[in-house]
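Below you'll find the structure, written out as structure tokens, and then a few comments.
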Amino acid sequence: LTQQLQQPLLLTRTPFNFTPVEDPLPLIYSLQNANATAILDAMLAINAEHEILNAQFYNGPITEVIVVQVHDRIGYLYLLIDSLRRVKDVEDCLLVFSHDVYSSAINALVRSIRFARVLQQLLFILIIDQLPKLQSLVTLNSPLQIFYPYTKQIYFDRFPGNDPRDCPRDAGLYRARQLGCNNAEWPDKYGHYRESKYTQTKHHWLYKMNRLFERSPVLANFTGQFVFLEEDHYVVEDLLHMLRLMVAARKDLSQNVEILTLGTYEKKPDFTRNTAQVVVDKWVSSFHNMGMSFSRAIWDQIKPCLPAFCSFDDYNWDWSLNHILTKCTKRPFQTMVIRISPRVFHIGQCGVHHKNKVCNPALLSSKLDRMLANNIAKLYPDQLMFNAKLKIRARALKPNGGWGDLRDRRLCSSFFNSSESPPSGLPYGM
């Protein structure tokens, strides 16, 4: 890995060859077996660097910021990074990776990127009794990635992880009170109690957004487009070309368009015809949550509604966002979405919401590559074609629950509200 990083940068689209190797930092997956000194040494080693990776190779202004939310599926992440490598003009972008798991293999994978600038941003504070010492050394533009610090990987035996004294999901209020469990009085609207494997993603999403827009000096003056991806997404090479066409076309519309959507859940994507077809419609989370893009100005419209985001009884960040964009903002948000030829695909066959027995993301990405290669002439259109609105049959917004625990709501609010403290026992200001 060291030899690879020391090689001269190749601006050609050479294959992204990476073999996971042992990181000089300890691999910390189970902190039950790690001592505080080892963890602290690892974090201080990471935080010793203070720069944007690869900046010496790219001197021009940053045109877009591409943000990837990462959990622990390195196979998917590898494929996403490989698809990003092929995106035209990606070298003009800044890549940001936001993690809720510390993995030396994933860290090494991200550190191996040479085709674009990568924000060296690490906000992972672990040792409560060493907090003042750590905070004096961590800066907002220190190495490589954002780390969500309240992860259940660290808090494995207490909130926001799995506290054995918390109520079982299906205990019910009467039994929970008999058990005397921690959160007996805070079931969700369906009578169920929190599950940390689900609540963490919503926390991570808001923490990431707040860090990007409110607490990163590197991005403080950036007014361009942010593109939001996840580890199990896969992108098309003219992603930025299409985004720039959409930004330009939006200026000529008579209606407001707050969010640009580069991906769809189209069951039968078609690249054989006009791949520039777009439509403007109301933003609906279940249709338009993939490959979203918006600017700081749009985030400023969302910010006043974050209390409603944190109090909405749904563990999904996108459903919670849907709630505030229809109930709280001055008007419902609209999106411009690519109709039948999405530039962002979802290849995640296994994960939090997907439990397929056979997980083969490489097979699916290969199919996509063949489809795109067969229709390469249809990419990079000169202009967009606006179609009539899609007939989206969006069901009435009904919260999914899983977010009734007062501690989740307080932790969520603490990310953006300086007067709101995290639940007892959690450090403040991470």
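What follows draws every value from the coordinates through simple rules; no lab data is involved. The model shown is predicted, which means the values in this text are computed figures rather than measured ones. Heads up, the Cβs are rebuilt from the backbone with ideal geometry, glycines too, and the neighbour counts pull from every protein chain shown.
Enumerate the residues in the range 279-297 having an amide nitrogen under 19 Å from the point lying 7 Å beyond the Cα of residue 220 toward its Cβ. Under cut-off, by backbone N: 296-297. Cross-link check: pairs 202/268; 208/398; 282/367 evaluated at a Cα-Cα cut-off of 27 Å; pairs beyond the cut-off: 202/268; 282/367.
Each residue of the range 263-276 was assigned a 3J(HN,Hα) from its phi angle through the Karplus curve 6.51 cos²θ - 1.76 cosθ + 1.60 (θ = phi - 60°); the sequence is x, 9, 9, 4, 6, 10, x, 10, 10, 8, 10, 6, 8, 9 Hz, with glycine and proline shown as x. What is the extension gain from residue 56 to residue 420, computed as 0.36 nm multiplied by their sequence separation minus the C-alpha to C-alpha distance, in nm to one decimal? My answer for the length gained is 127.0 nm. Amide H to amide H distances under 5 Å link residue 68 with 96, 97, 98, 229, where only residues 5 or more positions off or on other chains count and H is placed in the peptide plane. Each label point was placed 7 Å from the Cα along the Cα-to-Cβ direction; for residue 383 and residue 311 their separation is 4.8 nm. Taking 7 Å steps out from each Cα toward its Cβ at residue 266 and residue 170 produces label points 4.1 nm apart. The label point for residue 253 and the one for residue 105, both projected 7 Å from the Cα toward the Cβ, are 4.2 nm apart. Once the C-beta distance of residue 156 and residue 274 is scaled by a Förster radius of 60 Å, the resulting FRET efficiency is 0.70 to the nearest 0.05.
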